[in-house]
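**Student:** Right, I'll just put the structure down here and ask away after.
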Amino acid sequence: MPDGSKTDAMLNMIEHGSTTDAPTLLIAHGLYGSARNWGVIAKRLGEARRVVAVDMRNHGESAWFETHSYPDMASDLADVIEAIGGPVDLLGHSMGGKAAMTLALTRAELVNRLIVADIAPVTYSHSQLPYIEAMKSVDLSGVERRSNAAPLLEAAVDNPTLVPFFLQSLDVAQRRWRLNLDVLAAEMPKIMSFPEVPGEFGAPTLFLSGETSDYVLPEHREVIKPRFPNARFMTLKGAGHWLHAEEPRAFVDVVGGWLERT
């Protein structure tokens, strides 16, 4: 896929539900994810409102760029909101959560309420590079269906539950990944960090974490509360970092309930 530019590319969008009195919910996925990963969640939440899930830059059907910073991703989301009619309620998971926080801090007028799924506005020390190397290591020349690639990827990935998730980004017909792996690898330090952006977001904000995840720690609240003074914290029982995939019904119940109450 050729490199895109801000003047010729809008993020790919998948819409669910229809416009109601409730604000549109915009969903930003995490690293290596896609709008399609959120189909079940978006469809259920779409029973009460319009839901728009996007492919972030360098992912899915969206354009490829040479950069992958959070200000870039926040600007992409701002373009979408202005195109679909805002302000919106904004839900972001992991990388998408950091992009959502960056947008809320810099363009608060575009965001009614914010839901951050299992991430904090901090720099993390771990790297996701091994997963890029794992995907690159798969010989796609003989792959006729995703099931052909599964054992090849399982041999290179430490967590077998992630294999079906990664395979959703495999374009079997073109024998390519719908991920700009080279740029994601080069920009990994930016993805693992959080930008130095000023301001605070005072509207209702939910930080929803997985019970067994270590991405949002108690000490992170000291960083979160000054930037998001109206933040509330909830934990999804039995879930890890991929909380929406591991406990989809509970995730929908918590998010839908919070949106109804606030």
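The values are calculated or read from the model by the stated rules, or taken from the named source; none is laboratory data. Since the model is a prediction, treat every value here as computed from it, not as a measurement. Note: ideal-geometry Cβ built from the backbone for every residue, glycine included; neighbour counts use all protein chains shown. Ligands, DNA and RNA are stripped out before the accessible areas are found, and what is left, the full protein with its side chains, is counted by its heavy atoms. Shrake-Rupley method; radii C 1.70, N 1.55, O 1.52, S 1.80 Å.
**Student:** Rolling a 1.4 Å sphere over the protein heavy atoms, what is the accessible area per residue of the range 128-177, to the nearest Å²?
**Tutor:** For the range 128-177, the solvent-accessible area averages 54 Å² per residue.
**Student:** Determine the percent antiparallel among the DSSP beta bridges restricted to the chain, to the nearest 5.
**Tutor:** Counting only bridges with both partners in the chain, antiparallel ones make up about 25 percent.
**Student:** Still on this structure, please answer the following. Could you identify which residue out of ASN159, ASN58, ASN12 has the top mean-square fluctuation in a GNM of the chain using Cα springs shorter than 10 Å?
**Tutor:** Most flexible of the set in this elastic network: ASN159.
**Student:** When the accessible area of the range 128-177 is computed with all protein chains present and a 1.4 Å probe, what percentage of it is carbon and sulfur? Please list the in-between numbers first.
**Tutor:** Values: 1370 of 2720 Å².
Carbon and sulfur: 50 percent of the exposed surface of the range 128-177.
**Student:** Rank GLY142, GLY30, GLY39 by mean-square fluctuation in a GNM of the chain with C-alpha springs under 10 angstrom and give only the top-ranked residue.
**Tutor:** Fluctuation is largest for GLY142.
**Student:** Report, in deg cm²/dmol and to the nearest 500, the calculated mean residue ellipticity at 222 nm for the chain, where each DSSP H run with n ≥ 4 adds -39500 (n - 2.57) and the sum is divided by the residue count.
**Tutor:** Numbers: 11 runs with 93 residues, N = 262.
Roughly -10000 deg cm²/dmol at 222 nm, from the helical runs in the chain.
**Student:** Taking GluC sites (Glu not before Pro) as candidate sites, keep only those in a DSSP loop with at most 15 other Cβ atoms within 10 Å, then name the longest stretch of the chain containing none of them.
**Tutor:** Answer - 67-143.
**Student:** In the set [x] 19.4; [y] 20.5; [z] 18.6, which value of Kirkwood radius over Cα pairs in Å was calculated from the structure you see?
**Tutor:** [z]
**Student:** In addition: Please calculate how many Å² of accessible area the range 20-66 carries per residue, with a 1.4 Å probe and no DNA, RNA or ligand atoms counted.
**Tutor:** I get 32 Å² per residue for this part.
**Student:** If you don't mind, another one. What's the FRET efficiency of ALA173 with MET234 using the Cβ-Cβ distance as r and R₀ = 41 Å, to the nearest 0.05?
**Tutor:** 0.50
**Student:** Could you work out, for the range 147-204, what percent of all Cα-Cα pairs fall into each 10 Å distance bin, beginning at 0 Å and stopping at the bin that holds the largest distance?
**Tutor:** 18, 33, 26, 16, 7
**Student:** Right, another one. In a solvent-free Debye calculation with one equal scatterer on each Cα, what is log10 I(q)/I(0) for the range 128-177 at q = 0.17, 0.20, 0.27 Å⁻¹, listed in the order of the q values?
**Tutor:** For the range 128-177 at q = 0.17, 0.20, 0.27 Å⁻¹, log10 I(q)/I(0) is -0.41, -0.57, -1.07.
**Student:** Treating cross-link reach as a plain straight distance, find the lysines whose alpha-carbon is under 26 Å from the alpha-carbon of LYS190, omitting any fewer than eight places away in the same chain.
**Tutor:** Leaving aside lysines fewer than 8 places away in the same chain, those within reach of LYS190 are LYS6, LYS98, LYS136, LYS225.
**Student:** I've got another one for you. Strictly greater than 13 Å: what percent of every Cα pair in the range 166-232 meets that? Display every interim value, and only then the final one.
**Tutor:** Values: 1690 of 2211 pairs.
Every Cα pair in the range 166-232 considered, those over 13 Å come to 76 percent.
**Student:** Alpha carbon centre of the range 165-210 versus the range 16-50: separation in Å?
**Tutor:** 17
**Student:** Another question about this same structure. Under the rule that an exposed site lies in a DSSP loop and has at most 15 other Cβ atoms within 10 Å, name the longest stretch of the chain with no trypsin sites (Lys or Arg not before Pro) of that kind, not counting the sites themselves.
**Tutor:** Longest site-free region, per DSSP loop and neighbour criteria: 7-144.
**Student:** Using a 1.4 Å probe on the protein heavy atoms, what percent of the accessible area of the range 39-114 belongs to carbon and sulfur?
**Tutor:** So the carbon and sulfur contribution to the accessible surface is 49 percent.
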